1. Can you pull out the residues in the stretch 461-495 that are out of contact with any Gly (no Cβ under 8 Å at 6 or more places or on another chain), buried (at least 19 other Cβ atoms within 10 Å of the Cβ) and of a type in the set (A, V, I, L, M, F, W, C)?
2. Is it the case that some residue within the stretch 291-307 is part of a strand (DSSP E or B), at pLDDT below 60, of a type in the set (A, V, I, L, M, F, W, C) and more than 43 Å from the chain's Cα centre (by Cα)?
3. Can you find even one residue in the stretch 329-338 that is aliphatic (A, V, I, L, M) and either crowded, with 20+ Cβ neighbours inside 10 Å or at pLDDT below 70 (or both)?
4. Looking only at residues that are in contact with a Ser or Thr (Cβ under 8 Å, 6 or more places away or on another chain) and outside any loop (DSSP other than H, G, I, E, B) in the stretch 90-119, which one is surrounded by the fewest Cβ atoms within 10 Å (Cβ to Cβ)?
5. Within the stretch 529-555, count every residue that is crowded, with 22+ Cβ neighbours inside 10 Å, under 30 Å from residue 394 (Cα atoms) and of a type outside the set (Gly, Ala, Ser).
6. Can you tell me which residues in the stretch 245-280 are at pLDDT below 85, open to solvent by less than 70 Å² (accessible area, probe 1.4 Å), out of contact with any helix residue (DSSP H, G or I) (no Cβ under 7 Å at 6 or more places or on another chain) and outside any strand (DSSP E or B)?
7. Under the condition of being open to solvent by 30 Å² or more (accessible area, probe 1.4 Å) and among the small types (Gly, Ala, Ser), which residue from the stretch 23-58 is nearest to residue 468 (Cα to Cα)?
8. Please specify each residue of the stretch 135-160 satisfying the condition of being under 16 Å from the mean Cα position of the chain (by Cα) and part of a helix (DSSP H, G or I).
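The values are calculated or read from the model by the stated rules, or taken from the named source; none is laboratory data. Keep in mind that what you see is a predicted model, and the values were worked out from it rather than measured. Glycine gets a Cβ as well: all are built from the backbone with ideal geometry, and neighbour counts include every protein chain shown. In case anyone asks, the SASA skips ligands and DNA or RNA and just uses the protein heavy atoms, side chains included. Shrake-Rupley method; radii C 1.70, N 1.55, O 1.52, S 1.80 Å.
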Amino acid sequence: MLLPESTHALFVGLLLFVLFFSFVRERVKPDVAVLSAVAVLLVAGLLSPAQVLGVFSNSAPFTIACLFIISGALSRTGCVDWLGERMAQAAGRSEGRLLLGLLMVGLVVSPFINNTPVVMVMIPVVISLATRLSLSPSRLLIPLSYATILGGTVTLVGTSTNILVDGVARDLGLEPFSMFEITAPALLIALLGCGFMLLFARRWLPARETLTQQFSASADRLFMTELFVPEGSRLAGRTLQDARLANGQAQVLKLFRGEEEWSAPAPGTPLQTGDRLVVHSRSSAMVDLRGSDLVGLHAAPEPHGEVHDLETLRQRDVVIVEALVGQTSRYVQRPIRDLDLASRYGIHLIAVHRKDASMADIGDDFQLQFGDVLLVEGTPRQIQRFCDNGDLFALTESKASAQRRDKAPLAMATLVGVMALAALDVMPIEGLALIGAVLVVLTGCLKPDEAYKSIEWPILMLIYGMLAISVAMRESGLSALAAQQLVHWGGGMSPWLVLSLVILATSVATEFLSNNAVAVLFTPVVVGVALQLGVDPRPFVVGIMFAASFSFATPIGYQTNTLVYSAGNYRFSDFARLGVPMNLLTWAAASLLIPLFWPFQPG
């Protein structure tokens with residue numbers, strides 16, 4: 001299908017509007033929506049297959065993928081855990097020192113490690129420390145997310161947005177950014193933002209209950225018990241309901257009979273001699289069963305050879321754990337029935353928290369999404385296996401200690417080497433990132449399958465799709481038209497005022513759309529604006545770098561916000577309390593500082 005050339009810009013503009021609407025509605029995953037838009041452009045003849053394949057020559061997504069692997073190695077070898085432990089020791093029992101420690105960890109780590117895994121690793125640490133100090137985690141998790149966002153802007157590799165904007169700018173003819181070119185102004189803004197949070201976060205952020213607190217109103221302890229129906233038991237031929245094992249207080253998870261096995265048998269299921277049952281109950285229910293005339297629970301025969309109707313084989317403590325669904329989890333977009341939690345893992349799903357709504361009544365067709373928090377019951381070992389198999393992060397129980405802490409020096413040396421050599425311009429960052437990613441795998445810091453899992457593939461696909469759409473914008477004339485209109489609407493505005501408005505518009509757009517999508521689309525436009533104003537485009541490009549990361553007012557604009565949104569059981573409005581002032585503060589600071597470091601008329 002070929003459209004008249006005069007309609008190309010209009011068609012691309014309408015498609016972008018539909019795409020943005022899709023982002024806001026969240027009915028379709030962003031990467032799927034973007035790739036669908038690319039397919040439409042191919043069908044319409046506004047993109048050729050060669051142009052789509054050409055975006056894969058952009059080094060930015062490749063660099064981002066390699067840095068994901070290096071970040072995964074640092075997380076797997078316990079480097080981030082170690083920082084959390086040191087922070088906990090320094091904080092003592094002071095909420096103020098704990099908040100300061102969190103902010104410093106975000107600022108120190110995020111310039112060098114992708115901030116999403118940093119936040120995912122730190123959330124359980126924060127929840128554990130908050131519990132120890134009798135604090136609500138919701139007073140600490142938003143500042144953690146904001147600090148990692150600010151820290152990510154400090155270096156070129158601190159966030160995928162910086163790398164992506166640099167790649168797009170290079171394609172437009174600008175000189176590449178060096179590793180620490182943006183460090184000075186970004187660090188000043190980050191310190192200003194952290195100081196602001198240190199003063200106001202504790203006053204403005206609410207104390208919210210976590211899912212565990214909401215669903216654990218009773219202190220009655222949970223148990224997993226394995227029972228046996230012995231010879232001579234009066235329960236042989238009776239149903240589970242008759243045995244008081246299906247009364248709501250006790251639940252049979254599995255029934256074993258010879259070579260057969262049933263998961264969650266019905267209350268009317270009859271018992272037979274030799275049956276083994278895995279029963280989940282509270283301690284009070286076990287006491288009631290023990291004291292009943294019908295059932296006796298004993299691990300050994302009573303004196304005088306008395307036979308009991310049920311005998312205890314083994315008994316294990318059960319815990320309730322909150323588990324966070326990560327971006328790369330294999331459980332994303334899968335219905336609950338496919339997970340088969342009871343028979344495969346022996347655990348029970350109590351509730352799911354998603355976007356200001358806790359769902360205790362979960363149907364088999366319910367599909368999990370990134371950022372969901374699952375409240376699950378089971379033994380620690382069962383839950384650990386469930387989390388490891390699906391790339392979930394246990395929030396309220398510590399995960400097993402990092403498996404390869406002895407490899408931590410190698411992972412750190414790799415990161416330092418990549419950063420130092422990139423700063424010295426020994427090799428372009430994409431080459432150094434590839435070497436670093438290969439090294440952490442070859443040295444055993446990360447297994448090959450873990451390396452692939454550490455790459456956030458949906459982000460890469462979204463980036464490649466947006467790069468293709470930006471080609472369509474440029475070829476259709478939409479980018480140039482948008483730049484002309486912005487300059488026209490600006491009238492006689494000074495470059496500084498135009499830059500300030502660009503930063504504000506980018507920051508607002510990032511609150512509701514993907515930050516990488518905004519960066520790819522806005523960068524060509526602002527370069528065109530700068531050229532029409534007759535000024536250096538570099539300060540405008542830096543403005544996009546910063547503003548596309550400054551997402552504080554909503555939980556959907558940045559991944560780390562989405563993570564803490566669910567983990568802290570926040571409401572949507574909680575982000576606006578602290579986030580809107582943070583947006584205004586960083587907007588003003590960036591508008592003032594950027595022209596000082598990158599003049600509009602370079603000398």
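1. Answer for the stretch 461-495, where residues must be out of contact with any Gly (no Cβ under 8 Å at 6 or more places or on another chain), buried (at least 19 other Cβ atoms within 10 Å of the Cβ) and of a type in the set (A, V, I, L, M, F, W, C): 462, 463, 466, 467, 468, 469, 472, 473, 486.
2. Taking the stretch 291-307 and keeping what is part of a strand (DSSP E or B), we get 297-298.
Applying the additional criterion that residues be at pLDDT below 60 yields 297-298.
Still in the running and of a type in the set (A, V, I, L, M, F, W, C): 297.
Cutting the leftovers down to more than 43 Å from the chain's Cα centre (by Cα) gives us 297.
Scanning the stretch 291-307, I find at least one residue that is part of a strand (DSSP E or B), at pLDDT below 60, of a type in the set (A, V, I, L, M, F, W, C) and more than 43 Å from the chain's Cα centre (by Cα), so the answer is yes.
3. Applying the first criterion (aliphatic (A, V, I, L, M)) to the stretch 329-338 yields 332, 336.
Still in the list and also either crowded, with 20+ Cβ neighbours inside 10 Å or at pLDDT below 70 (or both): none.
No, the stretch 329-338 contains no residue that is aliphatic (A, V, I, L, M) and either crowded, with 20+ Cβ neighbours inside 10 Å or at pLDDT below 70 (or both).
4. So the first thing to find is which residues in the stretch 90-119 are in contact with a Ser or Thr (Cβ under 8 Å, 6 or more places away or on another chain), and the list is 106, 109-119.
When the remaining residues are screened for being outside any loop (DSSP other than H, G, I, E, B), the result is 106, 109, 115-119.
On the way: 106: 28, 109: 27, 115: 29, 116: 25, 117: 23, 118: 29, 119: 30.
Across the stretch 90-119, the extreme among qualifying residues is 117.
5. Residues that pass the stated criteria total 3.
6. 245, 246, listed by residue number.
7. First, the residues of the stretch 23-58 that are open to solvent by 30 Å² or more (accessible area, probe 1.4 Å): 24-30, 32, 35-36, 39-40, 42-43, 45, 48-51, 53-54, 56-57.
Still in the running and among the small types (Gly, Ala, Ser): 36, 39, 45, 48, 50, 54, 57.
Values: 36: 12, 39: 10, 45: 13, 48: 10, 50: 11, 54: 8, 57: 11 Å.
Per the stated criteria, the residue is 54.
8. Of everything in the stretch 135-160, those that are under 16 Å from the mean Cα position of the chain (by Cα) and part of a helix (DSSP H, G or I) turn out to be 141, 142, 143, 144, 145, 146, 147, 148, 149, 152, 160.
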